[in-house]
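One structure below.
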């Protein structure tokens, strides 16, 4: 599945950022793999439905799933940007991040799984 399937891809001027609307649509269609890079206790307090947990403390971009585009998410956007940069360093061009993080997801009333 390609990034181009969503019209709001590239929120603002940064093409590495996924918009809330696109992420919400991807959650419903399972079009992207969502990887939450928060620590396990943060993930357990609520995460985007069907997200995988790959904590930054043990994160290795070589372990990212393949087959679908990957969206990284954290609490506020800094760790997911760091994880994205690491993914780029190993050649992964199919990875983006949700810069608003779980704070933004919740502020938009996105669904949360415990």
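A few remarks follow.
- Filtered residues of the stretch 31-44 (kept if within 16 Å of residue 110 (Cβ to Cβ) and either without any contact (Cβ under 8 Å) to a residue 24 or more places away in the chain or loosely packed, with under 12 Cβ neighbours inside 10 Å (or both)): 43
- Some residue of the stretch 36-49 being touching a strand residue (DSSP E or B) at 6+ places or on another chain (Cβ under 7 Å) and within 16 Å of residue 14 (Cα to Cα): no
- Count - residues of the stretch 83-114 that are assigned to a loop (DSSP other than H, G, I, E, B) and within 17 Å of residue 28 (Cβ to Cβ): 6
- Across the stretch 4-26, the qualifying residues are those that are closer than 13 Å to residue 98 by Cβ, surrounded by fewer than 20 Cβ atoms within 10 Å (Cβ to Cβ) and in contact with a strand residue (DSSP E or B) (Cβ under 9 Å, 6 or more places away or on another chain), and the one among them that is modelled with the lowest pLDDT is 9.
- The set of residues in the stretch 87-112 that are more than 18 Å from residue 15 (Cβ to Cβ) and either crowded, with 19+ Cβ neighbours inside 10 Å or in contact with a strand residue (DSSP E or B) (Cβ under 6 Å, 6 or more places away or on another chain) (or both) comprises 101, 102, 105.
- Residues in the stretch 19-28 that are assigned to a loop (DSSP other than H, G, I, E, B) and farther than 11 Å from residue 104 by Cβ: 0 in all.
- Of the residues making up the stretch 61-82, those that are more than 10 Å from the chain's Cα centre (by Cα), surrounded by 19 or more Cβ atoms within 10 Å (Cβ to Cβ) and either free of Cβ contacts under 8 Å to residues at least 12 places away in the same chain or in a helix (DSSP H, G or I) (or both) are 61, 79.
- The set of residues from the stretch 29-49 being part of a loop (DSSP other than H, G, I, E, B) and modelled with pLDDT of 95 or more comprises 37, 38, 39, 45, 46, 48, 49.
The values are calculated or read from the model by the stated rules, or taken from the named source; none is laboratory data. Everything numeric here is computed off the predicted structure, so don't read it as measured data. Note: ideal-geometry Cβ built from the backbone for every residue, glycine included; neighbour counts use all protein chains shown.
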